[in-house]
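Structure first, commentary second.
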Amino acid sequence: MEYTNSAHKPSFWEKFSVERIKVELLRTAYGQSMTFLSRFDPRIMIAWYSFFAIVPWFIHNKAVLLGLLLAVAVLTYSSKPSVLVLIVLAIGLISDAAYMLIVSLMFGGGLAAAWALSTLTLKLLVITLASIAVFSSMDPERLSDGLLSIGAPAQFSFGVAYGFRMLPILIEEYNNILYSYRLRGKSPDKKGFLGWRMLVYSFKLSVVAFYPLILNTAKRTRTTVEALEIKGFTYAMHDPKVKKLKLSYLKIRRRDIVFLALSALYIAAVFYVGSFFDA
Amino acid sequence: MTSSVQAEHNQSIIIDVQDVSFRYPGAESNSLSEVNLQIKRGDFVAIIGSNGSGKSTLCKCLNGLIPTYYTGDFAGKVVVNGVDTSQASIAELSKHVAYVFQDFENQLVRPTVFDELAFAPLNFGYEDYKERALQALHMLDMAELKQRWIWQLSGGQKHMTALAAAMALDPEIIIVDEPVAQLDPAHAKLIYDKLALLNERHGKTIIVIEHHTEFIADYCKSVVLLDRGGKVRWTRPTQQALSSVAELTELHIQPPQVTQAFAALHADSRSGNGLYPVTIEQAVEQLQPLLAHRGHRPMSEQHQDHDERHTAHLPYQDNGAQLTAHASCLDHDERHQARPLHPSTNESAQRDNQSRAGREPLVHVEAATSGYQSIERNMSPTLKGIDLAIYPGERVALIGNNGAGKSTLLRLIAGIRKPWSGAVTVCGQDTRKVTPEQLSDVVSFIFQNPEEMFIADHIRADIEFFLKARKQSNTEPFIEHILQTFHLTELQQRDGRLLSGGQQRRATLAIGMAMKPTIMLLDEPTASLDIVSRREMTQLFDELQDHVQAIIVATHDMQLVADWATRVIVMHEGTIIMDTTSADVFQHPQLLDKAALVPPQIVQLSHALKLPSAALSVNQFVEQFRDKEEQDGIYQLSAQA
Amino acid sequence: MSLSPLRNRLELTSQQKLMIFILSMSLYGISNMITELLPEFRVGPVELKVEYFIFIPLIFAILFNSLYAAIGASVGEMIFGELLLGQFGGISELEKFIQFSLAVFVAGMLVRDPRNKRQLAVAAYVAIGIDQLLGTIVDIAKVYIGIEDLEAVPGLPQSILAIEGFSFLNAMVVSGTLFALLPTLYLVPRLYGKVEPLLGMKPRDGRAASSIKDFVTPRFIILAIVLAFVAAAAEFLAESDNAFFSWEWEADFGSGAFWISLAISIIVFIAAIAVIRARKKQKPKGESLS
């Protein structure tokens, strides 16, 4: 859990730091400033996203896909996603395409395979960027309320709130349990080839540490459910009135409509222009 | 703060428990047997009784968890604010009864304070749920916490949030299960102040389950004593209840130290109606004429003078630092006037250096800085350039408020945190160069939460874990010895999580001992323990001393400091502000106040009485008082009141 | 909320189901977050990474109620692993949800006696098998849909199959053994009879819960899935071979097979839940969680 500065090289265990996760969590949840997309109603954003998540699969026109990509790329940029997320995405997409290309060469593929794969990569890029643009800038609670309003069960939205509540506590506890094992256990004397003994030791610890964690969490959960009973949650779960009350702050405003209309116009334009480049 | 017992007339009965018996499913005996109890509207009641007397069970009958949620053999009738609990749902009853669990952290289910407060009213479908939440926020004067994340709150703030969340439904009755057990004394006092506020300003009926009679004396109006097996022995007004010293002691309930002292000093010091003082104020009130008689200046004058003296000498004291009205601040013997900080530490350091000359320190912390990364990814140090040496034979208490850096320091010594700069050397090993596993051959670290230490199937396996991991053979007799020392032989096959608080602490001590450490580190070892278990822990610490070269304890428990420690280190905001002995530390009320620490009641009382040196226990107090009596002539305690 | 006496795993109160849901959600969620942080070794298509701690929901599915453990875990992954980290993936979360819930649910239902090591081992591999299998199908389907006339592109269909097939086997062997089999065998017997009292429940009685219906249904489900997959794969091969030689433009009939296999698995999943729910219809309470 301990943060270490550059003065000494952080070990594997130190990189896994409670504080780091807490920091990340807070930054994700409330750290982001207002972005362009986070202003809109979550339901509108979910609908908007659904279009970009489904339609590209059925478009084989590269010009159209590029047009869509341009739009989502600009919006992604406006939502200031973390660099890390983008790097992970880039590595994933490129390496996946590369493997397929290399393996297809073994089966006699060539330029045609590369061309076809580039279309696929383009589609995946549009879809993934759309999800980053929309969801990385949306407050998780608003998102869960949005999902609630389109029919997700109350448990889900409860889970999101509960996740925020419990995450730091659970990580801290897991971390302390790991230390309990380490402070009473013994790490391997020899590291082994490529440190495999250490690897096995770390793996074993990370799994067995769940044993006390499961028991502790079970004990905790019992009180929590009693409290939920007292707070009326188990009744409210099925009460449409409560849901309405909870979601009453969600309102579709004029700017939501304008945004949808502009998006539709843009997409129509892209399709129209794309029809000239039917590749 | 004092809630004098007011004879309020025309009080209606708000809780009526009639012939209630209850047995948990599968239990062998009743947890409650034919309980009859009436509580008046607007009362502030403490429920006391030894472990297993059914205190929590009784309270769960009041909020309907029994018999609706817990099935079992239930008989009798409970009427709460006009509602028969067997006829209403639990949710319905929570409009009448607020309940704060003993493990209140687990009853908080939402991410932020305001969200938590609005949750129940929202679930009940109240249109004005936000207003209700705000109202609860204001009722408890905690508006500044509104947008805070629950997990960032201190224990006391979480407790307050749990209370406020229950208050959002505006119930008439508030039940709080052992607030002091889970909180440090300063926070516990805060919670009680809030309860008093709700009681006095808003007319709420308050019920607390409480072991700590000093809080009962300060806040409660009446006391219900439960006997083993869940029977009500009596209900009495607070002073009368707590003056029953013999009866309470027999049931392992410790009356306030003031009351004990008076009882021990003079049986005839009882005032006409057979009562002892139960608060420091009452004790001082009885003794003040006596002190005045001895030619001392009036107290109020001394107080002011005292105040100036401290601010003048202590440069680190914030301007306008408030003195609380503790009796400890009322008076100070000239001999004990607080010395300026630096001379004090230097003095003691010199003294210590002489006695330690030629000895190697076990732990050597040199200019160590460490801390956490803040939300803005800045480094925020919790320890700022600490220098410290711990020598063999020392019993060190680390005290200070939350966030002072006590836990960080312990973790540095245990090697599970490395200093950003500076160095920590433990038994000659630089902690940056060894793994925690290697360091654990000489250091054992007992976590604050025992449940995080139960990693094996049962506590015997937990105790053996260290030796087995090192493949030591023939450990059987040693393990048996440990089990015996810590009274765990009977419990060895049980899972630690299913033990009582005191048993859990004993088990963690045993785990630490079985590592045959040179140095033992304990983080809040007496937190959430009742008084009997606390005393037992202090005795076990003496046991440890024979096997371990040095013990370092981070604690809020001033009684432990008084009873056990030989060296006390006061920390504040990542630095050491005092390093002294336990007898001396209580001579610095400002310093303690700054670190949000409350000295034991008996220390406060001996300050008020100008005893030659602060008594650290009731027995010491009694001895000193008698000595003084002989010197100064006879104190006619019985002449008072 | 009245309680009826509860003695085996299909008769839990709604509060107890909520407990299992929360337990599974928080713990699997947290493990998901941890695995996101652990390092990953990737040598070509051979991945050696901490895949996922599938044993956690599996334990709850075995010891308590399969359905709530499965759904709780999927929700936990979605919330802790994605949403709270700002990595919510939209529709792809839905497919993960279905795959994973189905896998854990079916595997949990297979175990009749938590003390029987053989049943535990089978459950472990079944869980990871179903999850990986459905994932593989979806992946292939995606490429198939995403690339126009896949069969027309030389080398691609085979390479996709090879890569997906390899990663499936890899996951089965490596993840199946390390993250499903070993932890399940180690943890279930230790937790059985010990975690239940902490939740205020009685341990499930191994024999009481087992009737013919209890295990025929899951077996049937597995069989159905395997058959669906085999059928789909066969058709895929046939199509791609055909395309490989003919270079025809309009030969995209094969995508139908993948839609069908996906549809089948979804239908099977829904049917499985329907069966469970129907069986519980005798008990009017306790439907609150789904």
Can you compute the helix-only [θ] at 222 nm over chain A? Use -39500 (n - 2.57) per DSSP H run of at least 4 residues, normalise by all residues, nearest 500 deg cm²/dmol.
-23500 deg cm²/dmol
Specify the inter-centroid distance of the stretch B:197-251 and the stretch B:138-178, based on alpha-carbon positions, in whole Å.
23 Å
Quick numbers on the stretch A:154-247, Rg and Dmax over C-alpha atoms in Å, give 19.9, 64
Please report, in cubic angstrom per residue, the volume enclosed by the convex hull of the alpha-carbon atoms of the stretch B:465-621.
139 Å³
So how far, in whole Å, is the C-alpha centre of the stretch A:116-186 from the one of the stretch B:376-454?
33 Å
One finds, for A:D139 and C:M172 with R0 = 35 angstrom and r their Cβ-Cβ distance, a FRET efficiency to the nearest 0.05 of 0.35
Placing each pseudo-label 7 Å from Cα in the direction of the beta carbon, B:E28 and A:V273 end up separated by a distance in nanometres of 8.3 nm
Relative contact order (%) - criterion: Cα under 8 Å, at least six apart; region: the stretch A:154-247
27 percent
Quick check for you: which residues of the stretch B:217-258 have the amide N under 14 Å from the point 7 Å beyond the Cα of B:N51 toward its beta carbon?
B:252-253
Taking the Cα-to-Cβ direction at A:K190 and at A:S118 and moving 7 Å from each Cα, how far apart do the two end points lie in nm?
5.3 nm
In nm, give the distance between the simple-model label positions of B:Q18 and A:A73, each being 7 Å from the Cα along the Cα-to-Cβ direction.
8.0 nm
Quick one, what does Rg over Rh come out to for the stretch B:65-185 if you take C-alpha atoms and the Kirkwood Rh?
0.99
Among A:S149, A:A97, A:L122, the residue whose Cα sits farthest towards the positive end of the charge dipole of the stretch A:58-194, when +1 is placed on the Cβ of each Lys and Arg and -1 on the Cβ of each Asp and Glu, is A:A97
Note on the stretch B:97-170: contact order normalised by length, alpha-carbon pairs under 8 Å, 6 or more apart, percent, works out to 49 percent
At 4 °C and 1.567 mPa s, grab the translational diffusion coefficient of chain A from Stokes-Einstein with a Kirkwood Rh over Cα pairs, rounded to a whole number in µm² per second.
56 µm²/s
Over the residues of the stretch B:201-277, compute the C-alpha Rg and express it relative to 2.2 N^0.38 Å.
1.14
May I ask for the Kirkwood hydrodynamic radius of the stretch B:143-227, worked out over all distinct Cα pairs and given in angstroms to one decimal?
13.6 Å
Lys and Arg at +1, Asp and Glu at -1: neighbours of B:H187 with Cβ under 11 Å from its Cβ sum to +1
If you average the C-alpha positions of the stretch C:53-92 and of the stretch B:479-508 separately, how far apart do those two centres end up, in angstrom?
36 Å
Cα pairs beyond 29 Å in the stretch A:55-201, in percent, come to 49 percent
Using 0.36 nm per residue of separation minus the Cα-Cα distance, give me the extension gain between A:K251 and A:L105 in nm, one decimal.
47.2 nm
HN-Hα J in Hz across the stretch B:389-397 - Karplus 6.51, -1.76, 1.60, θ = phi - 60°, x for Gly and Pro
10, 10, 10, x, x, 8, 10, 9, 10
What number comes out for the charge environment of B:D441, summing +1 per Lys or Arg and -1 per Asp or Glu over other residues with Cβ under 13 Å away?
+4
Per-residue accessible area for A:F58 at 1.4 Å probe radius, Å² rounded to 10?
120 Å²
Can you give me the P(r) profile for the stretch C:147-206? Cα pairs, bins 10 angstrom wide beginning at 0, each as a whole percent.
18, 24, 19, 17, 12, 10, 0
Set the Förster radius R0 to 25 Å, insert the Cβ-Cβ distance between C:I91 and A:S263 as r into 1/(1 + (r/R0)^6), and round the FRET efficiency to 0.05.
0.90
Could you state the per residue volume, in Å³, of the convex hull enclosing the Cα atoms of the stretch B:390-504?
150 Å³
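The values are calculated or read from the model by the stated rules, or taken from the named source; none is laboratory data. Quick caveat: nothing in here was measured; it's all calculated off a predicted structure. Positions of Cβ are backbone-derived with ideal geometry, glycine not excepted, and every protein chain shown enters the neighbour counts. The area values use the complete protein model at the heavy-atom level, side chains included, leaving out ligands, DNA and RNA. Shrake-Rupley method; radii C 1.70, N 1.55, O 1.52, S 1.80 Å.
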